[in-house]
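**Q** Can you keep this structure in mind? I'll have questions shortly.
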Amino acid sequence: MAAKAPLEKKRRKTRSQPRGRAVDSRALAEVRRLLGDELRRRDLLIEYLHRIQDTHGCLSAAHLVALAEEMRLAHSEVFEVASFYHHFDVVRESESAPPALTVRVCDSITCEMFGAEDLLTALEKTLGSGVRVQRVPCVGRCDSAPVAVVGTNPVERAEPDRVSVLVQDGATEADLPDCIQLEEYCRNGGYEIYRSLQAGERDPKEIIAALEDSGLRGLGGAGFPAGRKWNIVSAMDGPRLMAVNIDEGEPGTFKDRHYLEQDPHRFLEGVLIAAHVVDISEIYLYLRDEYAGCRRLLERELAALDGDPRLPHPPIHLRRGAGAYICGEESAMIESIEGKRGMPRLRPPFVAEVGLFGRPTLEHNMETLHWVRAIVEQGPEWFTSHGRHGRKGLRSFSVSGRINKPGVHVAPAGITLRELIDEYCDGMPAGHELQAYFPGGASGGILPASMDNIPLDFDTLNDHGCFIGSAAIIILSQHDDVQRAARNAMRFFVHESCGQCTPCRVGTVKALELMQQPHWDRPLLEELSSAMMDASICGLGQAAPNPLLCTMKYFPGE
């Protein structure tokens, strides 16, 4: 039998162009002009996305493809980062660009209590077609609710007519806060501790000992002892990096903005002291995008610091968030600084071991560093001399809701809610009586008025299904609906889940659906809550059920 002829190999068709969309030459030229001579580093992707959107009002498909080409990244990688963050307007080829101006209205707990829904409805009716009205989660100004943001210009205690006037006048940029600037800060003893460290007049070990003796803990919510963290990171092999979290997105929290707008160098001196003691090579400040005025302030003051020969320091990089609450979680923040989607990492390894760019990283909340100078200057005994009900130290409480004097109140650790309201907040308005309160923002749970005598501090609320977190206190009166407040909190978590893990991504949605029913299915909600708390990767999914569970436990008749 004759042998069969060998099968000929099929020739592969060669592509005339690379996979994906073709690069538009005009868009590429525009991107190159915007980036200028700056390095096309992967970790600068989010910064460059901001630059394109600030210039063109949105992120078109053509610009995203051009940016990917310029940075030698896959088109899909650039698109997935751009589409992850709420503040980026990604416009596909079949879509129209958004209006030139966006007015954002906060609809989180306190703003909803003070009329955010009515404000939204009124603005949607009165503002023209050239303006987009958008509901957004907390913008960090709960003490002035309700809040609208015209462009980047925040309007506190917003009324429709006032917002309309600002739109008509083109007042769309945030004002620069009137803060203590570098020279004034230095005239009042600023940076003396840092300079004494540089001159070898102070022992770094003494600084760590002072922090340990003061009992200062992380004030972003986790409460890890600051001195112990400095010791852990300083023992790691260098180079070591530092990441500072100023992404306070917890509804009810605004303390970091308060301190930044008043006295930014007190915080920056804490940063430089920590950097010297731990031998940090580079510093990254991660600021939430809602704080446009603070960003301009920090840009100015960092430039002044860089130009002062008396204060040599490691490079400080100011990075801009893009609207993602999840980036308040330390590892998600680090992912974002690296130019990626802000998704929490699995641990171990911990950030102190393998953090930013794979290096040991000292991660801190901004307020923690704000206290460093005072503790070192006045001694740990000064800090621990404050406190009530067996607790020690000072706490910055962001207080909002039904009180006469909302704002940031520095009070002794362990103060009770009743003491805080009466002594620091000038009581509650006429006709309002305490019904409930959130002791730690949206994720901290809800407690009834009958439990207004619990010391407010780390670990004191755990047995009641709550926690202090970043000390965001929201006060509800008998005129407020506790179930509605709990639904508002869950709606926030639905919006802000990063989607990485199923218990959080699906659980928050299902919980909200069940909470919108006239009668809550308690056994099913409890089972769902247990799954979320046990199996979610990070604190968002683990804490999201707290307001729900507290409402069922303490307000069964609601």
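The values are calculated or read from the model by the stated rules, or taken from the named source; none is laboratory data. Remember, predicted model here, so these are calculated numbers, not experimental data. Positions of Cβ are backbone-derived with ideal geometry, glycine not excepted, and every protein chain shown enters the neighbour counts. Quick note on the areas: whole protein, heavy atoms, side chains included, nothing else; ligands and nucleic acids left out. Shrake-Rupley method; radii C 1.70, N 1.55, O 1.52, S 1.80 Å.
**Q** Ignoring ligands, DNA and RNA, what accessible area per residue does the chain give at 1.4 Å, in Å²?
**A** 44
**Q** OK, next. Which Cα, out of A22, A171, P455, lies furthest along the positive dipole direction of the chain (beta carbon charges, K/R +1, D/E -1)?
**A** Result: A22.
**Q** Let a ≥ b ≥ c be the square roots of the eigenvalues of the Cα gyration tensor of segment 290-400; is it rounded (a/c under 1.5), or, if not, prolate (a/b larger than b/c) or oblate?
**A** Judged from the Cα gyration tensor, segment 290-400 comes out oblate (a/c at least 1.5, b/c at or above a/b).
**Q** Can you show me the helix-derived [θ] at 222 nm for the chain, built from DSSP H runs with n ≥ 4 at -39,500 (n - 2.57) apiece and divided by the number of residues, rounded to the nearest 500.
**A** That calculation yields -12000 deg cm²/dmol at 222 nm.
**Q** From largest accessible area down, sort S25, S400; use a 1.4 Å probe on the protein chains.
**A** Result, largest first: S25, S400.
**Q** Then there's this: Let me know the shape class of segment 170-271, please: from the alpha-carbon gyration tensor, a ≥ b ≥ c as square roots of the eigenvalues, rounded when a/c is under 1.5, otherwise prolate if a/b is greater than b/c, or oblate.
**A** oblate
**Q** How would you classify segment 493-543 from its alpha-carbon gyration tensor, with a ≥ b ≥ c the square roots of the eigenvalues: rounded for a/c under 1.5, else prolate if a/b is greater than b/c, otherwise oblate?
**A** Cα axes put segment 493-543 in the oblate bin.
**Q** For the chain, how many pairs of lysine residues have a Cα-Cα distance under 20 Å, where the two are 8 or more positions apart or belong to different chains?
**A** 5
**Q** Taking every DSSP beta bridge with both residues inside the chain, roughly what % is antiparallel (nearest 5)?
**A** Taking every DSSP beta bridge with both residues in the chain, the antiparallel ones total about 40 percent.
**Q** Percent relative contact order of segment 159-285, based on C-alpha pairs within less than 8 angstrom and at least six residues apart?
**A** Relative CO of segment 159-285 lands at 33 percent.
**Q** Nearest 20 debye, what's the magnitude of the dipole of the chain about its Cα centre given +1 on Lys and Arg Cβ and -1 on Asp and Glu Cβ?
**A** Dipole magnitude for the chain comes out near 2600 debye.
**Q** Could you work out how much longer the chain between T502 and D306 gets when fully extended? Use 0.36 nm per residue separation minus the Cα distance between them, nm to one decimal.
**A** My answer for the length gained is 66.0 nm.
**Q** Let me ask something additional. Report, in debye and to the nearest 20, how large the dipole of segment 370-425 comes out about its Cα centre when Lys and Arg carry +1 and Asp and Glu carry -1 on their Cβ.
**A** Dipole magnitude for segment 370-425 comes out near 180 debye.
**Q** On to the next question. Here are a few candidate values for Rg/Rh (Cα atoms, Kirkwood Rh): (1) 0.93; (2) 1.05; (3) 1.01. Which one was actually calculated from the structure I just gave you?
**A** (3)
**Q** As a test of reading the structure, rank W520, W230, W382 by solvent-accessible area (1.4 Å probe, protein chains only), most first.
**A** Order by accessible area, largest first: W382, W520, W230.
**Q** Are there any GluC sites (Glu not before Pro) in segment 186-226 that are in a DSSP loop and have at most 14 other Cβ atoms within 10 Å? List them by number.
**A** E201
**Q** What percentage of the solvent-accessible surface of segment 408-500, computed with a 1.4 Å probe over protein heavy atoms, is contributed by carbon and sulfur atoms?
**A** 44
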